[in-house]
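Only one structure is covered here, and it is reproduced in the block below.
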Amino acid sequence: MNTLISFIKRKVFRINRDRWNYQYEKGLWDGLKALDELARFSVIVGYVKFLKPGQPDVLEIGCGEGLLQQRLQTQNYGRYVGTDISDLAIQKAANDAGDTKCRYLVADMDTYKPEGQFDLIIFNEVIYYSKHPLKTLQRLATFLKPGGLLIVTINDHKHSAKLWTDIKDGFPLLDETTTLTSKGTCVCKVLRGN
Ligand SMILES: C[S@@+](CC[C@H](N)C(=O)[O-])C[C@H]1O[C@@H](n2cnc3c(N)ncnc32)[C@H](O)[C@@H]1O
């Protein structure tokens, strides 16, 4: 019965949270932990440490199972808030966090209103799941502290060029890095938020 209800929610009503929960439950995103994803995470960790040394307040949108926070390590942030639409992913992230400076929340980026302000807001392979990517970036950028930065990664795919063009019009670029791994190409951009 539960399987049928889950199927109807995912396939008939196309409820986002149920679709993502299903994919995490089936292990379809386990590949994010693999070696060929290391470069993508490492570039973000490098930017965080270089651009906001010390203890920045970090918000990660669409954090999945918390892989970035684990790679960043507790000494490199003052406060870390990770959000994702999948409660299954968030539960796993919270269980693995082992850190009182870190908070994980279930939230849809299209409606989420953060508490407080952040030095960095990170969208790591997630912005293209927003209904309105540019609007979402613009709305969430209002929760940046003065001088705050957005870090956005987008894997190369047929819609990525258009997405970057839209984003370019909204935010000045501070820096960018392209990584090429056995899996594919990923662009990471650091954008000035205000
Ligand atoms: C490709 S995964 C990337 C996960 C993580 N950022 C990483 O790189 O390991 C995309 C993530 O976006 C989340 N997501 C999709 N739509 C979302 C939404 N509307 N609001 C918040 N998170 C969303 C999914 O649950 C999933 O965890």
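The values are calculated or read from the model by the stated rules, or taken from the named source; none is laboratory data. Note that the structure is a prediction, hence the values are computed from the model and not measured. We place every Cβ from the backbone using ideal geometry, glycine too, and count neighbours over all the protein chains shown. Heads up: the accessible areas ignore ligands, DNA and RNA and are worked out on the full protein's heavy atoms, side chains in. Shrake-Rupley method; radii C 1.70, N 1.55, O 1.52, S 1.80 Å.
When you look at Y80, is it in contact with a strand residue (DSSP E or B) (Cβ under 8 Å, 6 or more places away or on another chain), away from the ligand (no atom under 11 Å from the Cβ) and open to solvent by less than 20 Å² (accessible area, probe 1.4 Å), yes or no?
Yes, satisfied.
If you scan region 166-194, which residues turn out to be free of Cβ contacts under 8 Å to residues at least 40 places away in the same chain, open to solvent by less than 70 Å² (accessible area, probe 1.4 Å) and among the polar types (S, T, N, Q)?
If the condition is that a residue be free of Cβ contacts under 8 Å to residues at least 40 places away in the same chain, open to solvent by less than 70 Å² (accessible area, probe 1.4 Å) and among the polar types (S, T, N, Q), then T185 is the only one that fits.
Quick check: is even one residue across region 99-114 assigned to a loop (DSSP other than H, G, I, E, B), in contact with an Asp or Glu (Cβ under 6 Å, 6 or more places away or on another chain) and within 11 Å of the ligand (Cβ to nearest atom)?
no
I'm trying to understand the selection: among the residues of region 130-163, which are in contact (Cβ under 8 Å) with a residue 12 or more places away in the chain, more than 20 Å from N194 (Cβ to Cβ) and assigned to a helix (DSSP H, G or I)?
S160, L163
Within the group V48, V106, which residue is under 23 Å from I154 (Cα atoms), in contact with a strand residue (DSSP E or B) (Cβ under 9 Å, 6 or more places away or on another chain) and open to solvent by 50 Å² or more (accessible area, probe 1.4 Å)?
Every option except V106 fails the conditions.
Out of the residues in region 144-179 that are modelled with pLDDT under 95 and aliphatic (A, V, I, L, M), state the one that is nearest to L120 (Cα to Cα).
This residue is I167.
Of the conditions (1) open to solvent by 30 Å² or more (accessible area, probe 1.4 Å); (2) more than 11 Å from the ligand (Cβ to nearest atom), L88 satisfies every one except a single condition; which number is it?
(2)
Might you let me know whether region 10-20 holds any residue that is touching a residue at least 24 places away in the same chain (Cβ under 8 Å) and either farther than 14 Å from V126 by Cβ or open to solvent by less than 50 Å² (accessible area, probe 1.4 Å) (or both)?
yes
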